[in-house]
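This report refers to the structure that appears directly beneath it.
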Amino acid sequence: MAKNARQVTVRTETTEQGDIRLRCGSFPTSVVVGRGLLPRLDSLTGRKESPFIVADDITGPLFGDYPGKRKGMHLLPRGEKGKSLSSIGGIYTSLAGCGMERTDTILALGGGVTGDAAGFAAATWMRGIRLIQCPTTLLAQADSAIGGKTGANLSEGKNLVGAFHPAEWVLSDVECLRSQKEEDFRQGLAEAVKYGAGEDWNFLSWLEENAGPILRRDCGVLLRLVSDCSRMKLAVVSEDEREQSGARARLNLGHTIGHALEAASGYKRWKHGDAVAAGIMVAARLAGRLGELGEEECRRIGRILSRFSLPTGPDRPWEDILLFLARDKKFTGGVPSLVIPRKDAPCTLRSDIPLPLLREAYEKSL
Ligand SMILES: NC(=O)c1ccc[n+]([C@@H]2O[C@H](COP(=O)([O-])OP(=O)(O)OC[C@H]3O[C@@H](n4cnc5c(N)ncnc54)[C@H](O)[C@@H]3O)[C@@H](O)[C@H]2O)c1
Ligand SMILES: [Zn+2]
């Protein structure tokens, strides 16, 4: 446990209503994880002015009426196209139509796509207005809504444009997760396994013990799942607010191979969490070869990924992936930098990995 201890402490408090409130150091975001949060938005945030809601064409109809009074609502098209510059341009047009001022607030109500697009609009409208994130997917609650990264896709690549703009509040209502499609819910579980293998093996044990109720989406268990992931994300981003000290690199466990797989499939066959799961398995095999993980830990990672119906390896030859790996900014001088999980310790970024060893781990995972 001592090896997992962080310099930063996340203050955690459970309220009378059973909400879990999290804050960390000077990081400007308060996180609340609970049930039935959306109808309590005003009392939770203490805000008097109505927010402007940005949702997508699924989350708007599902949840748009819960937060009560609003200045207006803009619906993005669902999926990655919701993060295009033309979709974000549509948000600006609606904000102008509602007379949104510098003191107003945008409320992002949806998954990671909505959070990134609405966050980018909030970062840039009148040079920055307040933002509340109400994430409605497991991936967004456990990961993307916390940390301040907002972004847009260009035809030249995903997330090429963006800004740091942390939300004042992240309100994660776990009841929203019950309507998610199984395939989408699974994408968030991959990020949860990332926290377990990368940050805290006790959390991985908890995932193993609670896999059944997690998959049944028992709200009590989801509350613990989301609040633990939020605590770990908040600790890492508070350590490295603007991605300068290197601490945030740990959040990339499984992502270097994952991103290459996503790109190699033209962002069609591989969804983000599925690709990260395959990447975690390759990183675990590599860690085994480097003496950082034992065989049993590697097997545990494979078992929990399978339990969550996540892939345990890639599906295309190394040569296909190498092309996309070489484009990664963490690939310098023909040597990749990769995050490696370690037994009983947080993962670490290594820049001394021989390419043949990575290839061996990749091919063993095929
Ligand atoms: N900013 C960050 O730090 C960060 C980190 C990781 C990922 N991301 C981004 O997050 C995005 C992926 O997010 P995602 O996986 O949440 O995808 P998403 O936002 O596309 O949501 C997936 C689908 O689920 C639907 N949906 C959302 N909530 C629902 C609910 N409660 N019930 C039923 N359907 C619901 C959406 O309409 C969408 O069709 C990517 O664009 C990725 O780049 C950002
Ligand atoms: Zn991710």
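So here's what we get for this one:
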read-out: Estimated FRET transfer efficiency when R0 is 22 angstrom, pair L290-E319 (beta carbons, to 0.05); value: 0.40
read-out: 3J(HN,Hα) from dihedral phi, the stretch 220-231, Karplus parametrisation 6.51/-1.76/1.60, rounded to Hz, x for glycine, proline; value: x, 6, 4, 4, 5, 4, 5, 5, 5, 4, 4, 4
read-out: Nearest-20 debye value, the chain charge dipole, Cβ charges on Lys, Arg, Asp, Glu; value: 260
read-out: Estimated vicinal HN-Hα couplings, Hz - the stretch 209-219 in sequence order (Karplus 6.51, -1.76, 1.60; Gly, Pro = x); value: 6, 10, 4, x, x, 5, 5, 7, 6, 5, 4
read-out: Cα shape, the stretch 151-228, gyration tensor, a/c 1.5 rule; value: prolate
read-out: Dipole magnitude of the stretch 119-206 about its Cα centre (Cβ charges: Lys, Arg +1; Asp, Glu -1), debye to nearest 20; value: 300
read-out: Simple label model, 7 Å out from Cα along Cβ direction - C219 to R269, nm; value: 4.1
read-out: Residue among G97, G254, L37 farthest towards the positive dipole end of the chain, charges placed on Cβ; value: G97
read-out: Taking K271, K233, K181 and counting other C-beta atoms within 10 Å, the order from fewest to most; value: K181, K271, K233
read-out: Residues whose placed amide H lies under 5 Å from that of L76, excluding near-sequence neighbours; value: A55, D56, D57
read-out: 3J(HN,Hα) from dihedral phi, the stretch 29-44, Karplus parametrisation 6.51/-1.76/1.60, rounded to Hz, x for glycine, proline; value: 9, 9, 9, 10, 10, x, 10, x, 7, 4, x, 9, 3, 4, 5, 5
read-out: Around L95: net Lys/Arg minus Asp/Glu count, Cβ-Cβ under 11 Å; value: -1
read-out: Per-selection metrics, the chain (Cα): Rg and Dmax in Å; value: 19.9, 60
read-out: Estimated FRET transfer efficiency (S309, R47; beta-carbon r; R0 56 Å; 0.05); value: 0.90
read-out: Angle in degrees between helix 355-365 and the longest Cα principal axis of the chain, rounded to the nearest 10; value: 80
read-out: Amide H partners (placed H, <5 Å) of R316, local residues excluded; value: none
read-out: Alpha-carbon centroids, the stretch 219-249 and the stretch 21-88: separation in whole Å; value: 20
read-out: Highest-fluctuation residue, G266, G115, G18 considered, GNM on the chain with Cα pairs under 10 Å; value: G266
read-out: Between helix 272-289 and the chain: long-axis angle, C-alpha atoms, 0 to 90°, nearest 10; value: 30
read-out: Estimated dipole of the stretch 251-353 in Debye, rounded to 20 [Cβ of Lys and Arg +1, of Asp and Glu -1, Cα centre]; value: 200
read-out: Beta bridges by DSSP in the chain, antiparallel share as percent, to the nearest 5; value: 45
read-out: For T14, T29, T93, order by how many other beta-carbon atoms lie within 10 Å, fewest first; value: T93, T14, T29
read-out: Helix-only [θ]222 nm of the chain, DSSP H runs n ≥ 4, -39500 (n - 2.57) each, per residue, nearest 500; value: -12500 deg cm²/dmol
read-out: For C347, residues with placed amide H under 5 Å, excluding near neighbours; value: E199, R342
read-out: Mean Cα-pair separation over length for the chain, i.e. relative contact order, pairs under 8 Å, 6 or more apart, %; value: 15
read-out: Length-normalised contact order for the stretch 2-181 - Cα pairs under 8 Å, 6+ apart - percent; value: 22
read-out: Sequence of Y66, Y362, Y92 once ranked by neighbouring C-beta atoms within 10 Å, starting from the fewest; value: Y92, Y66, Y362
read-out: Overall form of the stretch 253-365 per C-alpha gyration tensor (a/c, 1.5; a/b vs b/c); value: oblate
read-out: Selection from A211, L358, M232, by position along the positive dipole direction of the chain (Cβ); value: M232
read-out: Cα gyration tensor shape of the stretch 314-366, rounded if a/c is under 1.5, else prolate or oblate by comparing a/b with b/c; value: oblate
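A short reminder: the numbers here are calculations on the coordinates, not readings from a lab. Just so it is clear, the model here is predicted, and its values are computed rather than measured. Here Cβ is always computed from backbone atoms with ideal geometry, including for glycine, and neighbour counts include all displayed protein chains.
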